[in-house]
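Colleague: To start, I am sharing the structure in question, which I have written as structure tokens.
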Amino acid sequence: MAGGLQRVIVAFLVAGGMASVTGSGVLGASGPAPNPDFSLTVSPARLAVGPEGIDDPQSFRVANRGRSPLDVAVGRANFTVDGTGRTAFERAAPGSAAGWLRVTPAGFRLAPGAERGVTVRIDPPPRPEPGGYQVALLFAVPADSGEGNLRVNRVIGTPIYLTLPGAIDTSLRVDDLTTSSGFATGGPIDFTATVDNTGTVHRDFLAPRGLKVVVNGYDVPFPDFTLPRGVGRTVTARWENPPFMCVCRATVSVSGTGGTSTRSATLVILPLHFLGALLAVAVALYVLAWLLRRRFRTRVPGAHRASRGRDDPARQGGEGDGDPVGDGREDSARVAAARPDEV
């Protein structure tokens with residue numbers, strides 16, 4: 001390509017708040033400076049327009065928080081979202097409304113620290129099909145015409161979701177619910193659900209009314225996301241602090257025009273490492289008690305026999321503290337028996 005290679009960096013926001021792109025303006029810098037050369041913000045970062053607001057003008061605020069002036073061009077693009085939430089810009093994306101937007105102004109210059117408004121009007125074709133449509137509003141800052149072979153175009157994409165008047169279908173379906181492991185020794189535990197939008201309008205899952213998995217009375221929220229019509233999305237929620245032990249029943253439910261769709265999964269939490277430690281302690285205590293009991297049984301009979309030997313006079317043979325009176329009578333008898341002729 002003449003003039004060097006160009007790249008486009010797009011910051012595409014799908015939740016509420018403010019979209020921003022910040023950079024030092026110098027290729028290869030380690031990070032944004034405290035006061036960057038380039039810093040562009042757009043608010044709101046996401047816009048949803050219902051049937052009652054289709055004819056009303058919508059407003060955006062664009063601000064230059066950097067140190068350099070910026071030339072901003074406002075464009076439109078069709079987009080779609082895949083099962084992982086990745087946004088892809090396509091010319092013929094389903095539910096496209098790129099040709100319906102009228103933007104004023106389409107381009108402007110922002111001095112450092114300045115901001116200005118951008119007005120968007122929605123002009124659907126005659127007798128459009130009721131339901132949901134989407135389009136991305138692109139705020140682009142062309143690459144600087146400086147030296148080098150690599151130039152970076154910086155773009156902020158803000159999604160706009162439209163719902164046209166008429167009969168709509170808000171049906172949803174939960175295709176699957178799985179856990180990181182059907183058997184766990186503790187947390188954290190991941191739950192992964194796949195949700196399909198089978199209706200005709202986009203569906204928002206934003207806190208505090210976002211998608212959640214209910215596990216034995218605990219609510220584990222999924223991250224915020226928006227599901228365009230005809231799109232399926234796989235999302236994951238993390239349960240950081242599960243109970244110490246349980247046989248848990250996890251359930252995800254979504255409701256719409258077609259009713260409620262529910263999926264469940266069973267999870268067993270058993271702290272084997274802790275139970276193993278308790279078992280080891282119990283075995284050690286049992287062995288210690290057995291050894292002490294055996295030693296006691298060995299020593300007690302010997303001590304008992306020694307005690308009986310000390311307390312038996314017949315075993316002492318006249319030694320010790322015998323009866324002096326009794327001993328005198330026995331001596332007289334022996335003398336009489338020795339001298340019978342003197343009696």
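Colleague: Taking the conditions exactly as written (open to solvent by less than 60 Å² (accessible area, probe 1.4 Å), of a type outside the set (A, V, I, L, M), in a strand (DSSP E or B) and closer than 22 Å to Val72 by Cβ), does Thr163 satisfy them or not?
Modeller: Against the criterion (open to solvent by less than 60 Å² (accessible area, probe 1.4 Å), of a type outside the set (A, V, I, L, M), in a strand (DSSP E or B) and closer than 22 Å to Val72 by Cβ), Thr163 does not qualify.
Colleague: Here's another thing I want to ask about it. Going by the conditions given, is Trp290 closer than 30 Å to Thr87 by Cβ and among the aromatic types (Phe, Trp, Tyr)?
Modeller: no
Colleague: Can Thr170 be described as assigned to a strand (DSSP E or B) and open to solvent by less than 40 Å² (accessible area, probe 1.4 Å)?
Modeller: So Thr170 fails the test.
Colleague: So which residues in segment 173-192 are of a type in the set (Phe, Trp, Tyr) and modelled with pLDDT of 95 or more?
Modeller: Phe191
Colleague: Condition check: hydrophobic (A, V, I, L, M, F, W, C) and closer than 29 Å to Pro94 by Cβ. Does Val252 satisfy that?
Modeller: yes
Colleague: Could you look through segment 118-133, keep only residues that are touching a helix residue (DSSP H, G or I) at 6+ places or on another chain (Cβ under 8 Å) and surrounded by 11 or more Cβ atoms within 10 Å (Cβ to Cβ), and pick out the one that is nearest to Ala167 (Cα to Cα)?
Modeller: Out of the qualifying residues, it is Tyr133.
Colleague: Of the residues that make up segment 263-285, is at least one surrounded by fewer than 20 Cβ atoms within 10 Å (Cβ to Cβ), of a type in the set (D, E, K, R) and in contact with a Gly (Cβ under 7 Å, 6 or more places away or on another chain)?
Modeller: no
Colleague: Within segment 143-159, is there a residue that is surrounded by 18 or more Cβ atoms within 10 Å (Cβ to Cβ), within 27 Å of the chain's Cα centre (by Cα) and not in a strand (DSSP E or B)?
Modeller: Within segment 143-159 (the criterion being surrounded by 18 or more Cβ atoms within 10 Å (Cβ to Cβ), within 27 Å of the chain's Cα centre (by Cα) and not in a strand (DSSP E or B)), the answer is no, since none of the residues qualifies.
Colleague: Among the residues of segment 205-218, is there at least one that is farther than 18 Å from Leu267 by Cβ, out of contact with any Pro (no Cβ under 9 Å at 6 or more places or on another chain) and surrounded by fewer than 15 Cβ atoms within 10 Å (Cβ to Cβ)?
Modeller: yes
Colleague: To continue, here is another question. Need the failing condition index for Glu115 against (1) of a type in the set (Asp, Glu); (2) open to solvent by less than 60 Å² (accessible area, probe 1.4 Å); (3) closer than 25 Å to Asp144 by Cα, just the number.
Modeller: It is condition (2) that Glu115 fails.
Colleague: On the basis of being modelled with pLDDT of 95 or more and touching a strand residue (DSSP E or B) at 6+ places or on another chain (Cβ under 7 Å), does Ala237 make the cut?
Modeller: The answer is yes for Ala237.
Colleague: Another question about this same structure. I'm trying to understand the selection: among the residues of segment 180-204, which are crowded, with 20+ Cβ neighbours inside 10 Å and hydroxyl-bearing (Ser, Thr, Tyr)?
Modeller: Thr200
The values are calculated or read from the model by the stated rules, or taken from the named source; none is laboratory data. Note that the structure is predicted; figures quoted are calculated from it, not measured. So basically every Cβ, Gly included, is an ideal-geometry build from the backbone, and we count neighbours across all protein chains shown. We work out accessible area using only protein heavy atoms, side chains counted, and drop any ligands, DNA or RNA first. Shrake-Rupley method; radii C 1.70, N 1.55, O 1.52, S 1.80 Å.
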